[in-house]
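The values are calculated or read from the model by the stated rules, or taken from the named source; none is laboratory data. Please read all numbers here as calculations on a predicted model, not as lab measurements. Virtual Cβ from ideal backbone geometry, glycine too; neighbours counted across all protein chains shown.
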Amino acid sequence: MDFKDVIKKLDKMLSQPLPGREGQISMAPKPVDEKRFSEYQPVNPRRGAVLMLFYPGEHDTLVPFIKRPSYDGVHGGQVSFPGGKWEEEDHDLSQTALRETEEEIGVRQNNVNLLGKLSDLYIPPSNFLVSPYIGFVEEKPMFVPDPFEVDRIISCPVDLLTDLNIRKEGEIAVCDQMKLNAPYFDIEKEMVWGATAMMLGEFMFLWENY
């Protein structure tokens, strides 16, 4: 899809009321943990933010995901948007999303145009309340992944992201050999599930309805 057309559509989408739970729940792991949703107020959650970044390719529009290195933690080896926890020097959570994106994949903060945000999402295993922001850059970035934070960058065309055939459901192994059943996006043979999939679920709800 043409980059300018994508940005126009994003701008229109984000001017609409956010669906929140209605969009997120379509990609929530089973059984659904109602504590995740925005109406739930967790006690003293850690705050964080991520960035869904759009940029032009040669013939399409792309969004970068990052695969975390494998480690003993709740998010080790998972695919997500660039982002991380709020720091005291961040004037707000949009600054957190921009700073973390620059640190993790090398996209300069000043080059990113923010369009808006999706609904906050609570992540019970790590006690994070995450704000997902949406933005774009005018030119394809020169990615510089942080080797300690990023195992690989996956650039996904928007046309693939909106393809219903990549939305699947299956058994997913998580920490401590636990397994659960969850919907996921099949992107470059990676299972994009959990909070990232739920954010994408809300995004796709808006994309398909506006």
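Annotations for the structure displayed:
- Odd one out for Ile123, checked against (1) at pLDDT below 95; (2) under 19 Å from Pro69 (Cα atoms): (2)
- Val43 being surrounded by 12 or more Cβ atoms within 10 Å (Cβ to Cβ) and among the aliphatic types (A, V, I, L, M): no
- Pairs, first within 13 Å of Phe65 (Cα to Cα) in the stretch 139-151, second acidic (Asp, Glu), C-beta under 6 Å, six or more apart: Glu149/Glu104; Val150/Glu104
- Of all residues in the stretch 74-114 being in a strand (DSSP E or B) and within 15 Å of the chain's Cα centre (by Cα), the one that is farthest from Leu53 (Cα to Cα): Lys85
- Any chance Met178 is more than 15 Å from the chain's Cα centre (by Cα) and under 17 Å from Glu104 (Cβ atoms): no
- Residue that is surrounded by the fewest Cβ atoms within 10 Å (Cβ to Cβ) [pool: residues in the stretch 145-166 that are β-branched (Val, Ile, Thr) and within 24 Å of Ile7 (Cα to Cα)]: Thr162
- Check on Arg99, out of contact with any Cys (no Cβ under 8 Å at 6 or more places or on another chain), among the basic types (Lys, Arg) and crowded, with 16+ Cβ neighbours inside 10 Å: yes
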